[in-house]
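Just below is one structure, and these are the notes that go with it.
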Amino acid sequence: MDHSEISPDASPTGYRVLIASSEAHPLVKTGGLGDVASSLPMALRDLGHDARLVLPAYPSARKQVRELKHLMDLRIAGAVGGVHLLGGLLPDRDLPVYLVDAPAYFCREGNPYTDVSGRDWGDNPERFLLFSRVVAHLAMGLPPLEWRPHILHCNDWQTGLAPALLRDQDERPATVFTIHNLAYQGLFDRATFDRLHLPASLWAVAGLEFHQRMSFIKGGIVFSDRVNTVSPRYADEVRTQRFGCGLDGLLRQLGGRFRGILNGIDYRIWNPADDPALPQGYDSDHVHLKGENKRALQQRFGLPRNEHAFVLGHVGRLVEQKGVDLIIAILPRLVAVGQVQLVMQGAGDRALEQALQDAAAQHPDRVSVFVGYDEPRAHLIEAGCDAFLMPSRFEPCGLNQMYSLRYGSVPIVHSTGGLADTVVDASDAALATGTATGFLFNDPNPDGLWYAVEHALWMHRERPEQWRQLVLAGMRQDLSWQASARRYLAFYAEAIASRERLPEAASA
Ligand code: ADP
Ligand code: GLC
C-alpha cells in the first residue's frame, strides 16, 4: 500500500492503530496512563481512524468488557499455562479492546504492578514480557482476526519489549513509543535477562542493557520508529542530566525522532456540566453554582460547612514525585491563616499516608484526608475546592491540573513539565491580557510553594474580580483531546514514512 493512501486526511477509513497499555480506564487504572490509554484511542476514532486497545486480562478488565468473546488460543514459547486472546468493547463506549488472557500471569488480586501490600509482583518481567510477546503477534496481524495495524503504539516500560521483539520483522507495522514517566524504567538484573530467554543480541548498549541491567523501557526507546513523551516541556527536561534518569544521552541522540505531545482530557468523563459525581452541575456561564459542590465537599470530608473558607485540594498517588511532603511542610503556616481548609486524597507511600492522617487528627476542623482510591470523590474534590495544589518535583504531563482548570479550581503548581505547559501564571502581564489561569512557583521547596499559596490566598481575598477572571480563563481553555490526537496522527505519519517497507494491508 502506498502510504499516501493512508494519510490521516486522505483516507476515509484512516489508520489502523493498535494501542498497547498495561492499564486503561475504566477497566483498571492506577494513574494518568489509564486515562490516556482509553481517551486517546477514542479521540482517534472520533477523527475516523480504527484505533483498538490491547491490555492484559486482569480480573477487573474481564468483568467489565462488553460482549467479551474468546477469539483464539495462542501458542507463546515458554508461557506457563494457557494463553488466549479475548475481544470486546469498553463498557461505556464503542472502543474495541483485546485482552490477553493468561491466568497464571494476570488473574490475581492487587493492582497491575503490585500485590495488595504494595510490593511489586516478583514475576513482573515474565508478566510484561508475555504481554509484549502477544502484542508483537497481534501487531503482525493474527490471521483469524483479519485486522492488521499500520501503527503499533506502545506505552511505558511494560510494553517496551514489543518494539524490540519486532525489530527484525520486515513486515512489521511502524512503531511509536510513548514515555509517560521516565522514572519508571522496568530495570532487572542480568540473571532475569537470562531467565527470560530473550535473544542474546539484545544484551547490548544499543539494545536493552543499561549499566549492566536489563531495561524494558530502552526496548521501546531504541527500537521504535518514533518516541515521544507527554508534554513539550518534559521532552526538553528529560534531555538534561537533571531529569533524564540516566537516559538523557540516548534521548538526545534521537534528535527529531523524539518530541513532546501534550495529553488532552476526556470531556466525556471530566465535564462539570454533566458529571454524575457532582451534586450540582455548572459551567463557565453558571460558575456561581460551583459553591454547592464546595458545601458537599466539606460535608463529605467532615469539615465545617463554610462557604467563605478558602478550600485547597489535592488528589494523587502518594509518591516522592508529587511533592506531597511540601504540602505537609507548609501546614503550620497554612492553618495559622483564618478560614483555610485543606482536603487531600491519595494512596501510596505508607509514611506519607500516616503523616497526612496525623495532620488531619491534629487539625480536624481544617484538614481532612481520605487515604485510598475513589474516583467519584476525586471528581468532587476537583469541583468543590477553590484551588488545587500540585507541587510535583517533576511532572511529565499531569492530568489533575487540567481537570482543575476545567472545573474552575485554580491550580497552584510547580513550574515543571506539563504543569508549566498547561498553567499560565497570574503575573501582572498575563492578568492584563486575560490569559492567566493559575499560580506557578519555581523552587520545589516549602518556601517556593508557600510563596504561590500566599499569592493565591491574597488574590482570592483582596481581588475577587481577578480571581474570577482566572477561574473563567481556565474553564474556557481548550484542553480536549482533539488537537493532541491530530498531533499523534502526524507523528504516526512520520513513523510510517520512516519505514522502508509498509505493512501489507490486510482486509480491515
Ligand atoms: P500520574 O499519572 O502521575 O498519577 P496524573 O495527574 O497524570 O498523574 O493522573 C492521575 C490520575 O489518577 C487522575 O485521573 C487522578 O484523578 C487519578 N488519581 C490518582 N490518585 C487517585 C485517588 N486516590 N483517587 C482517585 N483518583 C486518583
Ligand atoms: C504519568 C505521569 C503523568 C502523566 C500520565 C499520563 O503517570 O506521571 O504526569 O500525566 O503519565 O501521561
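The values are calculated or read from the model by the stated rules, or taken from the named source; none is laboratory data. Note that the coordinates shown come from a computational prediction; the quantities given were computed from them, not determined experimentally. Cβ coordinates were reconstructed from backbone atoms using ideal geometry, including for glycine residues, and neighbour counts include every protein chain displayed. For the accessible areas, the whole protein counts, side chains as well, though only heavy atoms, and no ligand, DNA or RNA atoms are used. Shrake-Rupley method; radii C 1.70, N 1.55, O 1.52, S 1.80 Å.
Key figures for this structure:
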{"read-out": "Selected from ALA473, LEU303, ASN111, residue furthest toward positive end of dipole (the chain; charges at beta carbon)", "value": "ASN111"}
{"read-out": "Rounded to 5, the percent of DSSP beta bridges in the chain classed as antiparallel", "value": "25"}
{"read-out": "Given charges at beta-carbon only (K, R positive; D, E negative), |dipole| of region 284-478 in Debye", "value": "460"}
{"read-out": "Carbon/sulfur fraction of accessible area - the chain, other protein chains in place, 1.4 Å, %", "value": "50"}
{"read-out": "Distance between modelled label sites at SER117 and ARG350, nm, 7 Å Cα→Cβ extension", "value": "0.8"}
{"read-out": "Heavy-atom SASA rank of CYS154, CYS245 (probe 1.4 Å, accessible area, largest first)", "value": "CYS245, CYS154"}
{"read-out": "R0 of 35 Å, Cβ-Cβ distance LEU472-LEU254: FRET efficiency to nearest 0.05", "value": "0.30"}
{"read-out": "Packing-based order for 322-328, 17-23, using average beta carbon neighbours within 10 Å, highest first", "value": "17-23, 322-328"}
{"read-out": "Contact order relative to length of the chain, as percent, for alpha carbon pairs under 8 angstrom and 6 or more apart", "value": "14"}
{"read-out": "Label point at ARG305 placed 7 Å out along Cα→Cβ; residues across region 380-410 whose backbone nitrogen lies under 20 Å", "value": "380-386"}
{"read-out": "Ordering of 427-434, 97-104 by packing [mean C-beta count within 10 Å, highest first]", "value": "97-104, 427-434"}
{"read-out": "CD proxy at 222 nm, helix term only [per DSSP H run n ≥ 4: -39500 (n - 2.57); per residue of the chain; nearest 500]", "value": "-10500 deg cm²/dmol"}
{"read-out": "Sorted peptide list for 402-410, 462-470, criterion being average Cβ within 10 angstrom, highest first", "value": "402-410, 462-470"}
{"read-out": "Cβ-derived FRET efficiency at R0 22 Å, TRP450 paired with HIS286, nearest 0.05", "value": "0.10"}
{"read-out": "Under 5 Å, built H, 5+ apart or other chain: amide partners of VAL83", "value": "LEU74"}
{"read-out": "Per residue accessible area in Å² of the chain, where ligands, DNA and RNA are left out and the probe is 1.4 Å", "value": "39"}
{"read-out": "Under Karplus coefficients 6.51, -1.76 and 1.60, residue-wise ³J(HN,Hα) of region 219-236 in Hz, glycine/proline x", "value": "x, x, 6, 6, 9, 8, 6, 9, 10, 9, 10, 9, 7, x, 5, 5, 4, 5"}
{"read-out": "Of LYS63/LYS322; LYS69/LYS218; LYS294/LYS322; LYS63/LYS294; LYS29/LYS218, those spanning more than 27 Å from alpha-carbon to alpha-carbon", "value": "LYS63/LYS322; LYS69/LYS218; LYS63/LYS294"}
{"read-out": "Dipole of region 284-478, positive direction: furthest Cα of PRO376, ALA387, ASN445, with charges on the beta-carbon", "value": "PRO376"}
{"read-out": "Estimated vicinal HN-Hα couplings, Hz - region 299-305 in sequence order (Karplus 6.51, -1.76, 1.60; Gly, Pro = x)", "value": "5, 4, 9, x, 9, x, 6"}
{"read-out": "Magnitude of the charge dipole, the chain, Cβ model with Lys/Arg +1 and Asp/Glu -1, debye to 20", "value": "400"}
{"read-out": "Sparse-neighbourhood loop sites, trypsin sites (Lys or Arg not before Pro) in region 206-265 - DSSP loop, at most 15 other Cβ within 10 angstrom", "value": "ARG242"}
{"read-out": "PHE210 long-range amide H proximity, modeled H, under 5 Å", "value": "SER215"}
{"read-out": "Nitroxide proxy distance, nm - points 7 Å out along Cα→Cβ at ASP73 and ASP92", "value": "3.7"}
{"read-out": "Segment ALA490-ARG190, extension gain: residue separation times 0.36 nm, minus the distance between their alpha carbons", "value": "104.2 nm"}
{"read-out": "Span from the region 445-485 Cα centroid across to the region 333-384 one, whole angstrom", "value": "20"}
{"read-out": "Estimated distance in nm for a label pair at GLU209 and ARG242, the labels positioned 7 Å out from Cα along Cα-to-Cβ", "value": "3.2"}
